[in-house]
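Where a number appears in this text, it was derived from the coordinates with a stated rule and is not lab data. Note that this is a predicted model, so its numbers are computed, not measured. Counting neighbours? That spans all protein chains shown, and the Cβs are built from the backbone with ideal geometry, glycine included.
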Amino acid sequence: MTDPDRWRQVEEIFHKALELQESERGAWLEAVCGGDAALCAEVSSLLDSDRQAAAFVGSKVERAVREFGAAVRPEIEGRRIGAYRLIRELGRGGMGAVYLAARDDEQYESDVAIKLVHPGLDTDFILRRFRRERQILASLQHPNIARLFDGGSADDGTPYLVMEYIEGTWITKYAAQKDLTVEARLRLFLPVCAAVEYAHRHFIVHRDLKPGNILIDRNGVPKLLDFGISKLLHSTPADAADTQDVGMMTPDYASPEQIIGDPVTLMSDVYSLGAVLYELLSKVRPHRIEQCTPLALERAICLDEITPLSAAVRNDPPLARRLAGDLDNILLRAMQKQPERRYPSVEQLAEDIRRHLDHQPVLARRDSFTYRASKFVRRNRLPVALGGMVAASLITGAGVSIREARIAQQHAQDVRKLATTFVFDVEQAARELPGSIAVRQLVTRTGLEYLGNLSRGSANDWDLKRELATAYLRIGEVQGGAETSNLGDPAAALKSYHDAQELLDSVLMHSPGDRQALLDRMTVSHRESDLHRQMGQLPFATEATQDGLRRAEALLAANPADIDAVQYGAVFHLDLGRLRQLSGDLGRAADEIATGIRLLKQLSAARPEERETISNIAASQARLGSIQAELGRRQQALDSYRDGVSVLEKQDLNFPNNVHVSRELMLAYAHVGDTLGNPAYDNFDNEAGARAAYSKMRDVAKKLHEADSADARATSDYGIALLRLGIATSMPEKKTLLEQAHGFLEGAAIRNPKDSPTRFHNAWSEVELGDLSLVTDDRAAAVRYYGMALNTLQTGQAIEPTDSSSQRWFVLAAGKLASELVRSNDRMAALAALEKALQLVERVETAAPQSVTSRSVMARAWQMAGTVYAALAERERGAQRERDRTTARDWYRKSMEEWKKLEPMQGFTGLRRREMEATAAEQAALDASTRGSR
Amino acid sequence: MESAKHSVQETVTRLLVDWKGGSKEALDSLTPIVYNELRRLADHYLRDEHAAATLQPTALVHEAYMRLVAQNLPDWESRSHFFGIAAHLMRQVLVDNARRRISAKRGSGAQKVSIEESVSFAPGPHPEIEALNDALNALAIIDERKARVIELRFFGGFSAEETAQALGISVATVGREQRLAEAWLHREIAAHES
């Protein structure tokens, strides 16, 4: 049947036959086909099939869909995510699956909901965005909003969110189960509006409001889930990405702008709330969506008028009567196709619901005297019953006052709405228009002008002032790049922060106890400080930080357990510590950071679920330790590092599979070992202690490496750990460990040639192996290893002028190589090796580094030059010997001059002193031998 | 930041435009992206039996469109192109899944099979969707347009109007094509099943 002509013939006859009555077909067919029995059989078999074919294909496809996935169900139960153990699946949504989970340690008995985000196409982007926005979302604290506690990426890289677990029922199901009256349903809905309104005041749009995200908990309290999360997880720079949130599972509650891909605003939530309320009241969804194609959806949601609520329940006349009128109007207004025709805010939607409940005229209703009158009569049944005259006058009066009140209120609402939506739009535009800086600046500037006008008119409207301040804060963040891909105008950002500050100051002047204003005011200080610091304006940064600190301390003085104050206090002390460190005041930096850590610990005790705090503690302890080490306060440094170890060890128990925690722990062991007994650092000469710490370091590094042996960093870390353990171990294990270390570091360096730590540790291991060869008097091997070290540090890319570790190892390798070459009587090669080191420090000198660490590299190189020339002089005779001695003396002198300059500086540790003393001793030895030979 | 700027959606949109402009490579690059997204969505949504019972494959195609295409493509033609491939790939996803299921069942081998049995092991249950798939392939050889109509209607969720527009034929023709195609497929599959 593949002959096209034949097939066309079959087709034609088939369709003609279909037009006939079934009974007529047989005879007709025989006539038409003539003697062609095959043609006749073909068509008639198709006609037979046609009778049975209805829904045949569709049902096959449907069954295939139903069977989907039954094959592979992942084993989720018992899987660990961070400190949590998954218990069971709670549900699936557009973005991922949600599981009930419990903390895996015994300490906190709390169930949480964990949302595992399905790894999508742009996981990296999601993670980046997630980190930025998580704090904002976590800051939403409202009795009707389920809290977002934490999040991160699981061991396999899947992003996840930890949220408050709400054991509850969908709002619509709850209402049906309890068979709630219309009034009870409306009262249930009001807190939902309040929660959304609260979030809107923080410029967070839900974007995915639907019954499944509004649960009623066991106490009958509504709780909103997933606030702002749909955006967090799905938004990409392209604006249309917002339409993704709709997902195909719930287009029923999505606003028209979400369907067609227009920007999502606060008004989109108004629409979705309307859609939920519609279903809550009528038990049917507002749209009849029959097909899921874009055209069909657009038609249903964007074009088709919504059936009025009362008409949707026509078959239930009492309910239809109850819903007719106000509620019809409220929903029609909330669900307008055009955002600007909806209620300007959720607050107003709620207000209308309240008015309806109180039998007051709703704003959605068109003006009509009779309407007002009928309302009035209902509200004032008793007085109306008392007498027509009285009632008539009351009606007139009430009409006027209601109208005026409405106008005034409308105005305030509009102003507020404009402020909030506009800023939201600005923020959106600024974020999501990649590249078009001019446009972004224009939009931002227009926004600022607008806010400026509003501020001037805000005279005594404290709420508005507070909201405007929040708006400025957000704009400042956009401008300053605090949480976006950086609009990069720090000066403009400072101006916005300043405006926010002024508004908040005036609010605080008016009501000093306004807590939210105070917290916002402190946020402003923190951001200002950050910006000033980035701009290198340390005094301004310090001033802003101290201002914030004063406020936090005042709060703490009033209530030492005020956890917000504790948090802000910690932030400011740590900020201040960083600033002191930058300005070289290490002593005070250490004090501030220590105080910050103490507060962080208090914070962590109060909010144990916030992992970020614990990471922050560990990081701050490492910072404190390094400052103390630089101050030469070895014992304090050791204590800080050990403190960090104990925090991290505990954390590692809670999160055994968390790579970040494990790695931080490994680094903390390294710090402890280095301080106890690593000759390359200022240390306690406690080799056994160092060995113990390094041994733990090695264990963690090994675990990490084995978990992902393809990871260049884990390979490098393992090599670094083995190297340190090797340094603190004696022969013969020493040699094995160093060789293993070298192997791993080589492997890592090949994969990641530009990574400085890998590179200098690799060179370090080569220098150690060279030194070890000398112990067994294998000088050829030593020369080879030292040469390798120089090579290692030169391949890939030149050593950065700021990379003092690489510089140090280069200088040491070159010096050791040169000395060996002198011993082999290879003067030329020795001087060539030395020259390399001298050229390197020449570059360092040009960069004029400030720190003792960097500058000591120069002193060390010049000392090496002295050593090499002094050794050469020993092998020369006559005038050449004198010339070499003079050169050696010059280098020693240059080196000692540098050491002397460094000696009074902070950061001149015991290690540096020993190096200086070694230089002085060599210098003295040279002088002595000169005198002796004369 | 680069990867964020250069989002998948932009890529997909560009590929669609290129493809429309006649680039065969664009289609080659597009196919795996769309397939993977559909596969991912299907894995994701349809694992839940409840969801699978209420969800149509066409919804997945639509969601893939929402996720993958950056802007609403200005022209209907490119949109229709997208849905055309997506419909085809949705079919592929369903077939692949059915095969995977069968092999998973066989692989999990709860009951031990003797060597003789395993040697003479029949090709195994032929998934229904695969039968439909084979029949559709056979139909495409005789009459490609009819196979496309079925694909667009059942795997891509096109309405009759949309199908007509996509294929440049009248709505009435779509109806006729579909009717004969369905009868043909039914006969073809019934013949193999018996």
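For A:Asp304 and A:His15, the FRET efficiency from 1/(1 + (r/R0)^6), where r spans their Cβ atoms and R0 equals 30 Å, is about 0.30.
Summing Lys and Arg as +1 and Asp and Glu as -1 over all other residues whose Cβ lies under 12 Å from the Cβ of A:Asp826 gives a net charge of +3. Residues A:Glu768, A:Glu305, A:Glu874 in ascending order of nearby Cβ atoms (within 10 Å, fewest first): A:Glu305, A:Glu874, A:Glu768. Shown in residue order for segment A:742-753 are the 3J(HN,Hα) couplings computed by the Karplus curve 6.51 cos²θ - 1.76 cosθ + 1.60 at θ = phi - 60°: 4, x, 5, 5, 4, x, 5, 5, 5, 6, 9, x Hz (x for Gly and Pro). Note on A:Glu543 and A:Arg6: their simple-model spin labels are 9.5 nm apart, each label 7 Å out from Cα toward Cβ.
Counting Lys and Arg as +1 and Asp and Glu as -1 over every other residue whose Cβ lies under 11 Å from the Cβ of A:Thr758, the net charge comes to +1. Legend: calculated FRET efficiency, A:Arg354 to A:Gln534, from the Cβ-Cβ distance at R0 = 45 Å, rounded to 0.05, equals 0.45. Footprinting exposure proxy ranking of A:Tyr786, B:Tyr35, fewest other C-beta atoms within 10 angstrom first, gives B:Tyr35, A:Tyr786. Going by neighbour counts of Cβ atoms within 10 Å, the residues A:Met522, A:Met916 line up, fewest first, as A:Met916, A:Met522. If you take all other residues with their beta carbon under 11 Å from the beta carbon of A:Glu664, and give Lys and Arg +1 and Asp and Glu -1, the sum is -1. Net length available on complete extension from A:Ala832 to A:Glu800 is 9.4 nm, with 0.36 nm assigned per residue and the Cα-Cα distance removed. Sequentially through segment A:717-733, phi angles give Karplus couplings (6.51, -1.76, 1.60; θ = phi - 60°) of 4, 5, x, 4, 5, 5, 4, 5, 4, x, 4, 8, 10, 9, 4, x, 4 Hz, Gly and Pro residues having no value and appearing as x.
Extension gain for the segment A:Ser23 to A:Glu340, taken as residue separation times 0.36 nm less the Cα-Cα distance, is 108.0 nm to one decimal. Mean partner shielding of peptide A:47-55, defined as the number of other chain Cβ atoms within 10 Å of each residue Cβ, is 5. Within 10 Å of the Cβ of each residue in B:36-42, the mean number of Cβ atoms contributed by other protein chains is 2.
Spatial offset of segment A:830-845 relative to segment A:707-762 amounts to 27 Å, using the alpha carbon center of each. Close amide H partners of A:Ala97, meaning residues 5 or more places away or on another chain with modelled amide H under 5 Å apart, are A:Leu116, A:His118. The simple spin-label model puts a point 7 Å past each Cα toward its Cβ; for A:Arg607 and A:Ile750 those points are separated by 4.8 nm. For the pair A:Leu180 and A:Gln52, a Förster radius of 60 Å applied to the C-beta separation gives a FRET efficiency near 0.80, rounded to the nearest 0.05.
Residues in segment A:873-885 carry Karplus couplings, in order, of 4, 4, 9, 9, 10, x, 4, 4, 4, 4, 4, 5, 4 Hz; the curve used is 6.51 cos²θ - 1.76 cosθ + 1.60 with θ = phi - 60°, and Gly or Pro positions show x. Extension gain for A:Ser709 to A:Arg931 (0.36 nm times residue separation, less C-alpha to C-alpha distance): 73.9 nm. Which pairs in the list A:Lys601/A:Lys702; A:Lys60/B:Lys146; A:Lys702/A:Lys734; A:Lys115/A:Lys223; A:Lys16/B:Lys146; A:Lys650/A:Lys703 are over 25 Å apart, alpha-carbon to alpha-carbon? With Cα atoms farther than 25 Å apart: A:Lys601/A:Lys702. Each label point was placed 7 Å from the Cα along the Cα-to-Cβ direction; for A:Leu582 and A:Val221 their separation is 4.2 nm.
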